[in-house]
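A short worksheet on the structure shown next.
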Amino acid sequence: MKKNQKLTKDDVWEMFAETNKQFKENERKIMKMNAEADRRMAKMNSEADKSREELRQELKELAKIVGGIGHNNGEMAEEYFYNTFYRDRIFVNEHFDKIKKNLSYNNGDIEAEFDIVLLNGNSAAIIEVKYNAKQENIEIEKLISRVEIFKILFPEYKNHKIYLGVAAMSFNKDIVWRLHRAGIATIRPVGKKMVVYDKTVRAF
């Protein structure tokens, strides 16, 4: 277009048509780019979902393995302390005539299981067994409350002195102090011997 040449109506329409054509072309390119971006995002999400599902499955398998190890460790600890108590039958300087493992009872309203129970004519000792005793798996108030549950489920021992103990292959230091302060004995293996700390133990 020459300088100072006036635009005709046809010129304007031609320019408008060209602009509209360019606009539509750009719009088509943008839509194409958006579609490609959506496709890539969907692929990434699909791969991420697959990865998350695979991770979930791996974690489930790992949890089974860890749970199995924990279960086996717990059984091993129970077997060790039961066998040791079975040989000695001594706790808080008393000799016990009977020892029971996994003593359970259900009276319809209350159901409970006790890992190890020592019994004689005057006293009973309830021993909670853990592989590793720590604050996360030892509730002192709950341990003490089990004394009344024991007396309800086994009324023949309701007038007995009841002692409590926690036996474990290892202890967290904080829980040891809390157990002793509550009057609960701690039992652990040291070398080839089972060591019982019962200096602060009390009858419940």
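For this structure, a couple of remarks:
- Residue match in region 128-142 (condition: farther than 16 Å from Ile99 by Cβ, in a helix (DSSP H, G or I), in contact (Cβ under 8 Å) with a residue 12 or more places away in the chain and not aromatic (Phe, Trp, Tyr)): yes
- Filtering region 90-106 to residues that are on the phi < 0 side of the Ramachandran plot, in a loop (DSSP other than H, G, I, E, B) and surrounded by 10 or more Cβ atoms within 10 Å (Cβ to Cβ) leaves only Phe96.
- Condition check for Leu59: within 29 Å of the chain's Cα centre (by Cα) and modelled with pLDDT under 85: yes
- Cβ-Cβ under 6 Å pairs, at least 6 apart or on other chains, region 161-183 side within 24 Å of Glu94 (Cβ to Cβ), far side part of a strand (DSSP E or B) and of a type in the set (Gly, Ala, Ser): Lys161/Ser123; Ile162/Ala124; Tyr163/Ala125; Gly165/Ala185; Val166/Ala133; Ala168/Ala133; Phe171/Ala133
- Lone qualifier among Lys130, Lys158, Lys98 - being under 26 Å from the mean Cα position of the chain (by Cα) and charged (D, E, K, R): Lys130
For every residue, the table says whether it meets (1) of a type outside the set (Ser, Thr, Tyr); (2) part of a loop (DSSP other than H, G, I, E, B); (3) touching a strand residue (DSSP E or B) at 6+ places or on another chain (Cβ under 9 Å); (4) modelled with pLDDT under 95.
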residue: Ile144; (1), (2), (3), (4): yes, no, yes, no
residue: Val166; (1), (2), (3), (4): yes, no, yes, no
residue: Asp174; (1), (2), (3), (4): yes, no, no, yes
residue: Leu179; (1), (2), (3), (4): yes, no, yes, no
residue: Gly183; (1), (2), (3), (4): yes, yes, yes, no
residue: Thr186; (1), (2), (3), (4): no, no, yes, no
residue: Pro189; (1), (2), (3), (4): yes, no, yes, yes
residue: Ala203; (1), (2), (3), (4): yes, yes, yes, no
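- For region 89-138, the set of residues classified as of a type in the set (D, E, K, R) and out of contact with any strand residue (DSSP E or B) (no Cβ under 9 Å at 6 or more places or on another chain) consists of Asp109, Glu136, listed by residue number.
- Only residues that are of a type in the set (Phe, Trp, Tyr) and under 20 Å from Lys158 (Cβ atoms) were counted across region 80-120, and they come to 4.
- Single residue of Ala42, Ala77, Ala48, Ala37 found to be modelled with pLDDT of 75 or more, among the aliphatic types (A, V, I, L, M), surrounded by 10 or more Cβ atoms within 10 Å (Cβ to Cβ) and in a helix (DSSP H, G or I): Ala77
The values are calculated or read from the model by the stated rules, or taken from the named source; none is laboratory data. Quick caveat, the model's predicted, so the values are computed rather than measured. Neighbour counts run over all protein chains shown; Cβ positions are idealised from the backbone, glycine included.
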